[in-house]
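Visitor: Structure provided below as structure tokens; questions to follow.
The values are calculated or read from the model by the stated rules, or taken from the named source; none is laboratory data. As the structure is a prediction and not an experimental result, all values here were calculated from the model. Backbone-built Cβ (ideal geometry, glycine too); neighbour counts: all protein chains shown. Each accessible area value is taken on the protein alone, full model and side chains, heavy atoms only, with ligands, DNA and RNA left out. Shrake-Rupley method; radii C 1.70, N 1.55, O 1.52, S 1.80 Å.
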Amino acid sequence: MPQPARPRLLLVTDLSYPARGRRYGDEDTWLAARLREEFDLALCHPLDARALAGSFDAVLVRNSGPVLHHQEAWDAFRAHALATGLRVYNPLNGKGDMAGKGYLLDLTAAGYPVIPTVDRAEELHRLPEAPSYAVKPIAGADSMGLEFLPREEVAARLDGGVLAQPRVDFRYEVSFFYVDREFRYALYAPDPGRRWQLVPYEATPADLSFAGRFVEWNGLAHGVTRVDACRTRAGELLLVELEDLNPYLSLDLLGEEEREGFVAALKRSLRAFIAQK
């Protein structure tokens, strides 16, 4: 009896992208080998995604680097996917980083626990006093264009397409990883100056309540999401970023049980995503 056809999956990645403190190529090479256990899988560079995607049941966007490095090709691929109904994972209706950093303004206005953010000079009074302020492009990624300035210099920079936030004196950064809306694991950087030197983190119920609010707000039924936060000196968690396009997963830092649990959850999610009508 012939075996049922396996789903065809195109994994979009840039194996040679030089990410600081992360090994993009190693992670996606390992993940591709595991996904091949259940999917007919091929890898391609982001610049080739539009031309190749039509031969696959779904496209999985992974460690492909910031979209800014291939913005025109990404915009064309995204428009093509939306026009043709191509299944892209994560789905393209996320409200986090895949849509730029404007969500930080929305979350600030809605009273969520996020680093306070404004984009207009006349709103600077809404930010708390701080020794310096982070100024970054709304369309930025991977710390590109990030500057730290004294308050008196910030207003002149808020001329469109730029965000301002107080520079937070935090104890550490922590990331919570979800598949669909299910928490899988957490990692943190004990040294604030070494963002990618991560170790396992035991998330408390309060931590998961914090992170889960942002996953629910984003509304993705399927997908991998990383909620990045910082722990202030006062003990409060504040959102730093909501990564919902191609978040790096730091799979090499996990124990076998957590890593295998993540892979199993991702496979289930991808199967359900491809099967949905």
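Visitor: Being modelled with pLDDT of 75 or more and of a type in the set (Asp, Glu) is the filter here, so list the residues in region 132-152 that pass it.
Guide: Correct list: GLU147, GLU152.
Visitor: Could you check region 123-137 and list, in sequence order, the residues that are farther than 24 Å from VAL67 by Cβ and either under 19 Å from the mean Cα position of the chain (by Cα) or of a type in the set (Lys, Arg) (or both)?
Guide: Here is the first cut: in region 123-137, the residues farther than 24 Å from VAL67 by Cβ are 123-133.
Residue satisfying the conditions is ARG126 alone.
Visitor: May I ask you to list the residues in region 30-66 that are of a type in the set (Lys, Arg) and over 19 Å from the mean Cα position of the chain (by Cα)?
Guide: Pass one, region 30-66, residues of a type in the set (Lys, Arg): 34, 36, 50, 62.
Result: ARG34, ARG36, ARG50.
Visitor: Continuing with the same structure: State which residue is farthest from CYS230 (Cα to Cα) when the search covers only region 111-122 and only residues that are surrounded by 16 or more Cβ atoms within 10 Å (Cβ to Cβ) and over 19 Å from the mean Cα position of the chain (by Cα). Give the steps one after another, and end with the answer.
Guide: First, the residues of region 111-122 that are surrounded by 16 or more Cβ atoms within 10 Å (Cβ to Cβ): 112, 114-119.
From what is left, the residues that are over 19 Å from the mean Cα position of the chain (by Cα) are 116, 118-119.
Numbers: PRO116: 13, VAL118: 19, ASP119: 21 Å.
So the residue we want is ASP119.
Visitor: Tally time: how many residues in region 246-260 are over 17 Å from PHE183 (Cβ atoms) and open to solvent by 20 Å² or more (accessible area, probe 1.4 Å)? Even if it seems obvious, please write down each step before you answer.
Guide: First, pick out the residues of region 246-260 that are over 17 Å from PHE183 (Cβ atoms): 246, 248, 252, 256.
If we keep only those that are open to solvent by 20 Å² or more (accessible area, probe 1.4 Å) too, we end up with 246, 252, 256.
Residues that pass the stated criteria total 3.
Visitor: Can we say ASP26 is exposed (fewer than 14 other Cβ atoms within 10 Å of the Cβ), farther than 21 Å from ALA275 by Cα and touching a helix residue (DSSP H, G or I) at 6+ places or on another chain (Cβ under 8 Å)? It would help to see each step written out before you state the result.
Guide: Values: exposed (fewer than 14 other Cβ atoms within 10 Å of the Cβ): yes; farther than 21 Å from ALA275 by Cα: yes; touching a helix residue (DSSP H, G or I) at 6+ places or on another chain (Cβ under 8 Å): yes.
Spelling it out, ASP26 is indeed exposed (fewer than 14 other Cβ atoms within 10 Å of the Cβ), farther than 21 Å from ALA275 by Cα and touching a helix residue (DSSP H, G or I) at 6+ places or on another chain (Cβ under 8 Å).
Visitor: If you don't mind, there's one more thing I want to ask. Out of curiosity, is LEU146 surrounded by 14 or more Cβ atoms within 10 Å (Cβ to Cβ) and under 23 Å from VAL67 (Cβ atoms)?
Guide: On the way: surrounded by 14 or more Cβ atoms within 10 Å (Cβ to Cβ): no; under 23 Å from VAL67 (Cβ atoms): yes.
When the stated conditions are applied, LEU146 does not pass them.
Visitor: Follow-up question, since we're still on this one. May I ask you to say which residue of ALA32, ALA53, ALA81, ALA76 is closer than 21 Å to TYR248 by Cβ, part of a helix (DSSP H, G or I) and open to solvent by less than 70 Å² (accessible area, probe 1.4 Å)? Explain how you work it out, then say what you get.
Guide: Values: ALA53 fails: closer than 21 Å to TYR248 by Cβ; ALA81 fails: closer than 21 Å to TYR248 by Cβ; ALA76 fails: closer than 21 Å to TYR248 by Cβ.
Being closer than 21 Å to TYR248 by Cβ, part of a helix (DSSP H, G or I) and open to solvent by less than 70 Å² (accessible area, probe 1.4 Å) holds for just one of ALA32, ALA53, ALA81, ALA76, which is ALA32.
Visitor: May I ask you to say which residue of LEU43, LEU105, LEU47, LEU86 is open to solvent by 10 Å² or more (accessible area, probe 1.4 Å) and in a loop (DSSP other than H, G, I, E, B)?
Guide: Details: LEU43 fails: in a loop (DSSP other than H, G, I, E, B); LEU105 fails: in a loop (DSSP other than H, G, I, E, B); LEU47 fails: in a loop (DSSP other than H, G, I, E, B).
Among LEU43, LEU105, LEU47, LEU86, only LEU86 is open to solvent by 10 Å² or more (accessible area, probe 1.4 Å) and in a loop (DSSP other than H, G, I, E, B).
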